[in-house]
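One structure is given below, encoded as structure tokens.
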Amino acid sequence: MKSIREQVVAWARKKSPWLLHYNSGSCNGCDIETVAALTPRFDVERFGIMLHGTPRHADVLVVTGAVSRQQEKRLLRIYNQIAEPKFVVAVGACACSGGVVHGCYGLLGGADKLLPVSAYIPGCPPRPEALIDGIVKLLTRIEGGNK
Amino acid sequence: MPKITVPLGPQHPALKEPGSFLLCLEGEQIVDATLRLGYNHRGVEKAAESRNYIQAMYLIERVCGICSHAHATAYVMNVEELAGADVPKRAKAIRVIIGELERLHSHLLWLGVAAHEIGFDTLFMYSWRDREMVMDALETISGNRVHYSMNTPGGVRRDITAEQVKTVLAKVEALERRIKYYIDLATQEPTVIARTKGVGVLPKDEAVKRCAAGPLARASGVARDVRKDDPYLLYGELDFKLITSDACDVFGRLYVRAFEMLESCKILKQVLNWLPEGAISVKIPVKLPPGQAVNRYEAPRGEDVHYLKSDGGLNPARVKVRAPTLANFTSVDYMLKGDQLADAAIIIAAIDPCFSCTDRATIVTPAGTGIMSWRDMRSHGIEFYKKKGIDFSKVKVF
Ligand code: SF4
């Protein structure tokens, strides 16, 4: 049984996950769909989700695009700056596995080559609806208390 | 006053994509700026060499998610040129439709991002809401919101039905009204004017010298547009204006993009009301004859140059992409100098940078090994064409 404090924290966490969006080598397709999810038609803010600019405020790191070799160190540094508990969401075929650019010399591969990924959202690019679905699924898992 | 160096990026709230700027400040004023690119270098050009011509098209399309049709079209135009294919008119018309819809969505996207950078988030939400209309139109025609994959070597993959024409036309008309509203807003709203007038100035001669492309060049009074200068697809037969502005600042770039959207609507209405009948594609051989081709395409951000070399095999021997943002980055450090730190974000955003397009590999050879200066290159070009019987020595270069 969780203490009252833990329950309150878990509830607050689920109700206001703040995202940090990082383009780690994407073609922009996934990024514009991620931003589109924030705008009036899709409006993820109704789930308390907000996009934030700094890793220190974020709970969820949204990685779009395969991780390029140039970004490896930077992405890791950003991840390390995020306070625990943290979750990584891989958006798009590229971030999931490398996608269309799989095997290119400038790339390390999917986001899970570098970071522990909690949710994969496939698609090239995923529709904003798919993104919302993925993030809501992640929230339900946060509620359950597992990564 | 001591100088301070402030790094901006690769991860920064003001930048949506990874690029890194080192700004040297004196107080609030930027005195120097250094740019570092290449974070998004994936190796797409090399990867295209290991795919056949059709597979490579889908890869090239994913060079950029915003102007994917621009890259794909420039690439297939090269393939068609090498194959000597005569693309049906209907296919060209469909390509124009997608291309102009893409310009609309890209400019609306830019308007939103620029509004966000100047702290005008209401406009950001407005323009992105209206952008959904364009996305719907694109989805109606192609089935996709991003990466439409309409092209195929020799034509397009999907036809447009009469009902689709009607739906898209209705959307374009609705959009036109909204764009007129944005034009009023952008040119009369005092907060927008205060944040954009006189910011990031790029005079005409500098724009020419630094080879600016697209809306950035046009906002500095350089009338340069591939659709007019070297018409491809059907642009030679269409009626539209080339929008320029002499404002030379961020306001001018806003003005040019806003009015260009109206022109795009005009083009769309013309093409949609007059869709040529006939086939939508012709067959292209799997193997292309050896040769080289270069084609230009006016992407939303400017002139996109594609080069393709074939050695007679199944795969391209070399693909080279010169994206418009690369041409525009040379102007950024000039524009940043002398401006305030607070304006850095909007100045960078005003060129509508696209890093994934830009981050191509470049080989830097040491001096004296074949790199030519602007003057050398010009005299070389004049000599080259003299042998072919064309005399360019009298042509005035701005
Ligand atoms: S998954 Fe598709 S849209 Fe997303 S970054 Fe990769 S190529 Fe671009």
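The values are calculated or read from the model by the stated rules, or taken from the named source; none is laboratory data. Bear in mind the structure is a predicted one, so any value in this text is a computation, not a measurement. Don't worry about glycine lacking a Cβ; one is built from the backbone with ideal geometry, like all the others, and counts go over all protein chains shown. The accessibility values were calculated without ligands, DNA or RNA, using every heavy atom of the protein model including side chains. Shrake-Rupley method; radii C 1.70, N 1.55, O 1.52, S 1.80 Å.
Remind me, relative contact order of the range B:202-249 in percent, using alpha carbon pairs under 8 angstrom and six or more residues apart? Worked out over the range B:202-249, it gives 43 percent.
Each residue of the range B:44-349 gets 119 Å³ once the volume of the Cα convex hull is shared out per residue. Accessible surface for B:LYS388 stands near 130 Å², nearest 10, in the context of the full protein assembly shown (1.4 Å probe). Each of the peptides A:27-38, A:127-138 was scored by the mean count of other Cβ atoms within 10 Å over its residues; in descending order, highest first, they stand as A:27-38, A:127-138. For the cross-link pairs B:LYS241/B:LYS269; B:LYS180/B:LYS241; B:LYS16/B:LYS209; B:LYS46/B:LYS320, the ones whose C-alpha atoms lie over 18 Å apart are B:LYS16/B:LYS209. Partnerless cysteines in chain B, where a partner means another cysteine C-beta under 4.7 angstrom, comprise B:CYS24, B:CYS67, B:CYS211, B:CYS248, B:CYS265. Computed from the alpha carbon atoms alone, the convex hull of the protein assembly as shown holds 170 Å³ per residue. For the range A:83-91, putting each phi into the Karplus relation 6.51 cos²θ - 1.76 cosθ + 1.60 with θ = phi - 60° gives couplings of 6, 6, x, 10, 10, 10, 10, 9, 9 Hz, in residue order, rounded to whole numbers and with x for Gly and Pro. Only protein heavy atoms count here; under a 1.4 Å probe, B:PHE384 has an accessible surface of about 100 Å².
Ordering B:PRO203, B:ILE183, B:GLN164 by Cα displacement along the dipole of the range B:90-222 toward the positive end leaves B:PRO203 in first place; charges were set at the Cβ atoms of Lys, Arg (+1) and Asp, Glu (-1). The convex hull built on the alpha-carbon positions of the range B:1-96 has an orientation-averaged projected area of 9.1 nm². Mean partner shielding of peptide B:63-69, defined as the number of other chain Cβ atoms within 10 Å of each residue Cβ, is 4. Only one residue of A:ALA83, A:SER97, A:GLN71 has its Cα farthest out toward the positive end of the dipole of the range A:50-147, where Lys and Arg carry +1 and Asp and Glu -1 on Cβ, and that residue is A:GLN71. Here the Karplus relation 6.51 cos²θ - 1.76 cosθ + 1.60, evaluated at θ = phi - 60°, turns the backbone of the range B:93-105 into coupling constants of 4, 5, 5, 4, 4, 4, x, 6, 4, 5, 4, 4, 5 Hz, with x for every Gly and Pro.
Candidate cross-link partners of B:LYS3 among the aspartates and glutamates, defined by an alpha-carbon separation under 12 Å and a same-chain spacing of 8 or more, comprise B:GLU26, B:GLU28, B:ASP32. Using only side-chain charges placed at the Cβ, +1 for Lys and Arg and -1 for Asp and Glu, the dipole size of the protein assembly as shown relative to its Cα centre rounds to 880 debye. Computed with the Debye formula from one identical point scatterer per Cα of the range A:4-143, without solvent, the log10 of I(q)/I(0) at q = 0.09, 0.16, 0.19, 0.20 Å⁻¹ comes to -0.24, -0.76, -1.06, -1.17.
Residue-wise HN-Hα couplings along the range B:308-315, as the Karplus relation 6.51 cos²θ - 1.76 cosθ + 1.60 with θ = phi - 60° gives them from phi, are 9, 10, 10, 10, x, x, 7, 10 Hz; Gly and Pro carry x. Based on C-alpha pairs under 8 angstrom that are at least 6 apart in sequence, the range B:44-349 has a relative contact order of 28 percent.
Rounded to the nearest 500, what is the protein assembly as shown's calculated 222 nm mean residue ellipticity when only DSSP H runs of at least 4 contribute -39500 (n - 2.57) each, over all residues? Don't skip to the end; give the middle numbers.
Details: 20 runs with 246 residues, N = 545.
Calculated mean residue ellipticity at 222 nm is -14000 deg cm²/dmol.
Shielding value for A:71-79 is 2, the average number of Cβ atoms from other chains within 10 Å of each residue's Cβ. Taking the Cα centre of each part, how many Å lie between the range A:1-70 and the range B:130-147? Centre-to-centre distance over Cα atoms comes out at 25 Å.
Our summary gives chain A a relative contact order of 26 percent, counting only alpha carbon pairs under 8 angstrom and 6 or more residues apart.
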